[in-house]
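Participant: Mind looking over this structure? Questions follow.
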Amino acid sequence: MKHIAILCGGSSYEHEVSIVTGIQVAAAIDRTKYAFSFVYFDKHNDAFLIENYDRKEHFAKNKRIPVSILRKNGRVILKAQSLFGRSIAVDAFYLAFHGGSGESGSVQGLLELYDAPFTGTSQEGSVISMNKALTKEVLKNSGVRVLPWHSIISTSYAANSKEAIAHILQQLSLPIIIKPVHLGSSIAISIAHTEVELEKHLNVATRVDSEILLEPALQNFTEYNVSVRTHNGKIELSPIEEPRRKEAFLSFADKYSNGSKKTGGKQTGGGMEMLDRTVPAQITQAMETLIRETAQEVYRSARLSGVVRIDFIYHENTLYCSEINPIPGSMSFYLWEASGEQFTDQISIAIEDAITRHSQKIEVVPYHTDIVEKFVGS
């Protein structure tokens, strides 16, 4: 039986949302195929093994043992940091992080360094996806339509805010939507209708992220989302959803705190699956084909793998890619369920895909020289 380490939490504005996703994965994982360890990263990125985790109540009640991820004798292990701490060999890591270092590539880079299989996108794809400005640059270069944008570095704005605002208004017309480049779930996103509001919102946004993205704030647009994954070496797409917005954009509260019921399916508690939506979206065959073909191009261009969610905006007869979510809320399981695939099966597919991709990766062949021996004089 394969042993899976489920990782969640971490230093992120979406810390609690990540915990919910981790608990959902642990509840749904196929226990006839996999044993698992539940590893929680606190808000300082200290990792803890939840001892004897079996159900969600154990997250708060069971002992938390400090744990390290190590490589030993060709295997990646969880090493409990206690006097007689045991070592647990891990066959694959299931990443349930949202935002922060857990989604932006840091954890992915560590696991790639240790040569360990993990679900989701590589470090490269994570970095591209979790930087909204970089996402636009990559997609535009690949021919995928994105909204016009301008980005500013927060320290540059702080040094001369008046000049920065004047330059922004030369590039974009009001109203303007302000987005932290590295944060997800609509955190610190706002709309400025006047120059005064622009300065006000930038004063806030530049305190929560190192770079800020600015775009035209569109009116009368429709949003569509689709989940994309690799399975058996092929790209697969879920049914398309149309989120229901209360405001000009989906806020963090809309996504996670509104308590609303999703359209169809079974609730499993908290997270993005609680959002009001129509699945599948009521769209023409031509629109469905356009979204699916564009999503596949986005997936390839951004070097993605595993399960992701790709978001689109449709405005004035044009489809724009607005965002990539490399570890989507609730793993977007509700989208795949709409096609009849249960969450348990989705988890198994993600794990086996991670193991397969890892087994097929190109190995770096060591190149041996005598440079060091000559340098140290041996």
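Participant: Would you mind finding the one in 41, 59 that is within 20 Å of residue 108 (Cβ to Cβ) and surrounded by 12 or more Cβ atoms within 10 Å (Cβ to Cβ)? Don't jump to the end; show me each part of the working.
Facilitator: On the way: 59 fails: within 20 Å of residue 108 (Cβ to Cβ).
So the residue among 41, 59 that is within 20 Å of residue 108 (Cβ to Cβ) and surrounded by 12 or more Cβ atoms within 10 Å (Cβ to Cβ) is 41.
Participant: Inside region 330-378, can you point out the residues that are in contact with a strand residue (DSSP E or B) (Cβ under 9 Å, 6 or more places away or on another chain), of a type in the set (Gly, Ala, Ser) and under 23 Å from residue 1 (Cα atoms)?
Facilitator: 348, 350, 354
Participant: Looking at (1) free of Cβ contacts under 8 Å to residues at least 24 places away in the same chain; (2) surrounded by fewer than 18 Cβ atoms within 10 Å (Cβ to Cβ); (3) more than 22 Å from residue 329 (Cβ to Cβ), which is the one condition that is false for residue 16?
Facilitator: (3)
Participant: Please find, within region 282-318, the residue that is surrounded by the fewest Cβ atoms within 10 Å (Cβ to Cβ) out of those that are acidic (Asp, Glu) and closer than 15 Å to residue 240 by Cβ.
Facilitator: 293
Participant: A further question on this structure: Residue 87: small (Gly, Ala, Ser) and surrounded by fewer than 16 Cβ atoms within 10 Å (Cβ to Cβ), yes or no? Working first, answer last.
Facilitator: Working: small (Gly, Ala, Ser): yes; surrounded by fewer than 16 Cβ atoms within 10 Å (Cβ to Cβ): yes.
Judged against the criteria, residue 87 is a match.
Participant: Those residues that are closer than 25 Å to residue 133 by Cα, over 19 Å from the mean Cα position of the chain (by Cα) and touching a residue at least 12 places away in the same chain (Cβ under 8 Å), I need them from region 317-361; list them, please. Quick ask: steps written out before the conclusion?
Facilitator: Narrowing region 317-361 to residues closer than 25 Å to residue 133 by Cα: 317-332.
Narrowing the set further to residues that are over 19 Å from the mean Cα position of the chain (by Cα) leaves 317-320.
Result: 318, 319, 320.
Participant: Answer yes if at least one residue in region 296-307 is of a type in the set (Ser, Thr, Tyr) and free of Cβ contacts under 8 Å to residues at least 40 places away in the same chain, and no otherwise. It would help to see each step written out before you state the result.
Facilitator: So in region 296-307, the residues of a type in the set (Ser, Thr, Tyr) come out as 299, 301, 305.
If we keep only those that are free of Cβ contacts under 8 Å to residues at least 40 places away in the same chain too, we end up with none.
No, the conditions are met nowhere in region 296-307.
Participant: Could you pull out every one of the helices (runs of 4 or more DSSP H) wholly within region 319-378 that has 2 or more residues that are crowded, with 21+ Cβ neighbours inside 10 Å?
Facilitator: 333-337, 343-360
Participant: Quick one: residue 48 ticks every box in (1) outside any loop (DSSP other than H, G, I, E, B); (2) at pLDDT 95 or above; (3) touching a Gly at 6+ places or on another chain (Cβ under 8 Å); (4) surrounded by fewer than 22 Cβ atoms within 10 Å (Cβ to Cβ) bar one, so which box is it?
Facilitator: The single condition residue 48 does not satisfy is (3).
Participant: Quick one: residue 182 ticks every box in (1) buried (at least 17 other Cβ atoms within 10 Å of the Cβ); (2) modelled with pLDDT of 95 or more bar one, so which box is it?
Facilitator: Among (1) buried (at least 17 other Cβ atoms within 10 Å of the Cβ); (2) modelled with pLDDT of 95 or more, the lone unmet condition for residue 182 is (2).
Participant: Looking at (1) touching a residue at least 24 places away in the same chain (Cβ under 8 Å); (2) touching a helix residue (DSSP H, G or I) at 6+ places or on another chain (Cβ under 8 Å); (3) part of a loop (DSSP other than H, G, I, E, B); (4) not assigned by TED's automatic domain parsing to the domain that holds residue 69, which is the only condition residue 97 fails?
Facilitator: (4)
Participant: Now, a different point. What is the residue count in region 213-233 for residues that are under 18 Å from residue 324 (Cβ atoms) and touching a strand residue (DSSP E or B) at 6+ places or on another chain (Cβ under 6 Å)?
Facilitator: Here the count works out to 9.
The values are calculated or read from the model by the stated rules, or taken from the named source; none is laboratory data. Predicted model, so just to flag it, every value in this text is computed and none were measured. Cβ coordinates were reconstructed from backbone atoms using ideal geometry, including for glycine residues, and neighbour counts include every protein chain displayed.
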